[in-house]
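Participant: For reference, the structure I am asking about is given below.
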Amino acid sequence: MFLRAAWAAATAACIGLLAAAPAAVRAADWPQRPVTMVVPFPAGGPTDLVARVLARQLTGQLGQTVVVENRGGANGNIGMQHVAQTAADGYTLLYNTSSIALSPNLYTKLGFDPQRAFQAVTSTAVIPLVLLVHPSVPAKDIQSFIAYAKAQGGKLTYASASTGNVTHLGALMLLRAVGAQAMHVPYRGSAPAMTDLVGGQVQFMTNTLNDSLAFVRDGKLRALAVTGSQRSPLLPNVPTVAETVKPGFEVGAWQGVVVPKGTPPEIVARLNREILKALQTDEVRKQLAAQGAQVLGSTPEAYQQYIRDETQRWGEVIREAGVKLD
C-alpha cells in the first residue's frame, strides 16, 4: 500500500513537472523574437515619449527589439482591448496609463475588465499636472485663484485634452477638494486645448508638466501649483497643492506596464526585473526627468493593488460628477 501510494505521488509529481515544463522553458528562453509594446495613444504624446525611452533601454538589455506600436483612440481603450485579446506569452506588453483605472468608471460597455484582463508587471513613472492660468486671470498664487474662482460662481472655464482624460478629472478633483466650481470645455487633444488657453478663450487648465513647460517658460501661461507629492525640479518655485491649500492632495498621469492575464509568472518576474533595472539607468532617469516624470517602480503585486485603489478613488469622483462616455 505504501509503495503504491508513493508511486502514485511520484507519478503525479512528474506529471505536474511535465505540465509546468513548457511554461518554464518559455520563460527561460524568453524572448526569442521581438517584443511589442503597445502604447494606447498616438505617437509623439507624453506617454509615447516615455514608452520609447524605456523600449530603447529594454532592447539593449533583452537582446531583442522592443517595438513600440501606437494604437490610439477612445481614451486608450482601443489599445487596451487589443492587448487584452492577444496571446499571454510575454510578446505583447501594454504601456498603460491612468486610463486603466479611469475607463471602467467612465464606460458601461467597455468590452473588457482591466482587473481580469491584465496582469500587472510594474509601475514606471508619474507625470504631475500643473495648474495653469491665462495671464488675464488676476491670481498670482493658488490661494488667490481659488478665491477668484469662488467669487465667479462657476463661470470660469477650464480646458481639458478630452472628457474623461486625466487633465479633465484632475481639474475636477482639484475643484472638488477646494470647494469651487467651473465650466468644463473639452478638446480633441492637449495641443488645441493649450492653444485656446494661451489665446484666452478659456481661463485655466490642469495639464501634464511636460506639455506645459514651454508655455510657462515663455511667459504665455502662469503656473500656480503642481499636483505631485513634491515640487518639480523643472519648476522649483511652483508649490504643490498639498503644501498650500489641501494637505495630502496628489494627482498625476501615472504609467506602468501590464501584460495579458495568464502570462507565465516566470516571464512576468523577468519583465519586472528588466524594467526596474532599466528605470535605474542614468540615461532613462535623465530622459524621464526631462519630461517632468518622476521614476517609480514596484512589484507586480503592489502595482496590481495600486490599480485597484486608483480605480476605486477615481470612481468616487466620476460618479459624484456624473461623467459618462457611453
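Every number in this text was worked out from the coordinates using simple rules, so none of it is lab data. In this text the structure is predicted, and so the values were computed from the model without any measurement. Quick reminder, even Gly has a Cβ in these numbers, built from the backbone with ideal geometry, and neighbours come from all protein chains shown.
Participant: Counting only residues 5 or more places away or on other chains, whose amide H sits under 5 Å from the amide H of residue 35 once H atoms are built in the peptide plane?
Facilitator: The list, which skips near neighbours in sequence, is 65, 66, 67.
Participant: Can you tell which of 99, 298, 123 shows the greatest fluctuation in a Gaussian network model of the chain with Cα springs below 10 Å?
Facilitator: Answer for the Gaussian network model of the chain: 298.
Participant: For a quick check, take a GNM of the chain with Cα springs below 10 Å and name the residue from 247, 40, 31 with the largest mean-square fluctuation.
Facilitator: Judging by the Gaussian network model, the answer is 247.
Participant: Cross-link list 109/155; 109/261; 155/324: which exceed 27 angstrom alpha carbon to alpha carbon? Before the final figure, lay out each step's value.
Facilitator: Working: 109/155 33 Å; 109/261 20 Å; 155/324 22 Å.
Where the Cα-Cα span goes over 27 Å, the pairs concerned are 109/155.
Participant: With a Cα-only, solvent-free Debye model of the stretch 98-203, what are the log10 I(q)/I(0) values at q = 0.15, 0.16 Å⁻¹?
Facilitator: Debye output, listed in q order: -0.72, -0.80.
Participant: Report the charge-dipole magnitude of the chain in Debye, nearest 20, computed about the Cα centre from +1 at each Lys and Arg Cβ and -1 at each Asp and Glu Cβ.
Facilitator: The dipole magnitude comes to about 160 debye.
Participant: Mind checking the alpha-carbon convex hull of the stretch 52-144 and giving the volume per residue in Å³? Walk me through the numbers before you get to the answer.
Facilitator: Numbers: hull volume 16.0 nm³, N = 93.
Each residue corresponds to 173 Å³ of Cα convex hull volume.
Participant: Quick one: of the DSSP bridges fully inside the stretch 128-243, what percent are antiparallel, nearest 5?
Facilitator: So the antiparallel bridges in the stretch 128-243 amount to around 55 percent.
Participant: Additional query: For the stretch 199-292, report the translational diffusion coefficient in µm²/s to the nearest whole number, using Stokes-Einstein at 37 °C, 0.692 mPa s, and a Kirkwood Rh over Cα pairs.
Facilitator: Working: Rh = 16.1 Å.
Calculated translational D: 204 µm²/s.
Participant: Can you tell me the dipole magnitude for the stretch 191-321 around its Cα centre, using point charges on the Cβ only (Lys, Arg +1; Asp, Glu -1), in Debye to the nearest 20?
Facilitator: Details: 14 positive and 14 negative charges, 30 e Å.
Result for the stretch 191-321 is approximately 140 debye, rounded to the nearest 20.
Participant: OK, next. Hey, what's the Cα Rg ratio for the chain versus the globular rule of thumb, 2.2 N^0.38 Å?
Facilitator: 1.13
Participant: Mind checking the stretch 199-302 for trypsin sites (Lys or Arg not before Pro) that DSSP puts in a loop (not H, G, I, E or B) and that have at most 15 other Cβ atoms within 10 Å? Intermediate results must be reported in sequence, preceding the final value.
Facilitator: Working: sites: 217, 220, 222, 231, 261, 270, 273, 277, 285, 286; in loops: 220, 231, 261.
Here the sparse-neighbourhood loop sites are 220, 261.
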